[in-house]
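Taken together, the values in this text are just the output of simple stated rules run on the coordinates, not laboratory data. Computed from a prediction, not measured in an experiment: that's the story for all the values here. Don't worry about glycine lacking a Cβ; one is built from the backbone with ideal geometry, like all the others, and counts go over all protein chains shown.
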Amino acid sequence: MNSSREVTTLSEPMYYLADREVLRILMRRTGTGQPASIRDLGEAAGVHHSTIGNLLTGRQAAVGVSVAQAVADRIGVDLDLLWIRDGRTARSLRRQAVSA
């Protein structure tokens, strides 16, 4: 197994990206005023940059809490601004997004 890839345990909560466009906008100007690239976010979160790219394209919807928190920290925002914890609310919001 490649050690640079994220391994999510069953006990780790999953977080769904609330809005890909919000992440794109925040990447252009982070809390420090500087942009963050896909590679920057991947490095900060300890995952391959393709994970971040997949989130931005919609190929991947969720990550573990550690990755979600690291991305939010690198961008300089609260976790809840970018992510929705898996649960009833997250499933409901995903159904609404799919049907829209």
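Based on the mean of other Cβ atoms within 10 Å per residue, sort peptides 59-67, 28-36 so the most packed one is first.
59-67, 28-36
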Percent of Cα-Cα pairs per 5 Å bin, from 0 to the last occupied bin, for segment 38-83, please list those. 5, 26, 34, 29, 6
Note, segment 69-74: 3J(HN,Hα) by Karplus (6.51, -1.76, 1.60, θ = phi - 60°), whole Hz, Gly/Pro = x, goes 5, 5, 5, 4, 4, 5
Using θ = phi - 60° and the Karplus form 6.51 cos²θ - 1.76 cosθ + 1.60, what ³J(HN,Hα) does each residue of segment 45-51 get, whole Hz, x for Gly and Pro? 8, x, 10, 5, 4, 5, 4
From the backbone phi of segment 78-87, what are the Karplus-calculated ³J(HN,Hα) couplings (6.51 cos²θ - 1.76 cosθ + 1.60, θ = phi - 60°) in whole Hz, Gly and Pro given as x? 5, 3, 5, 6, 9, 10, 10, 5, 4, x
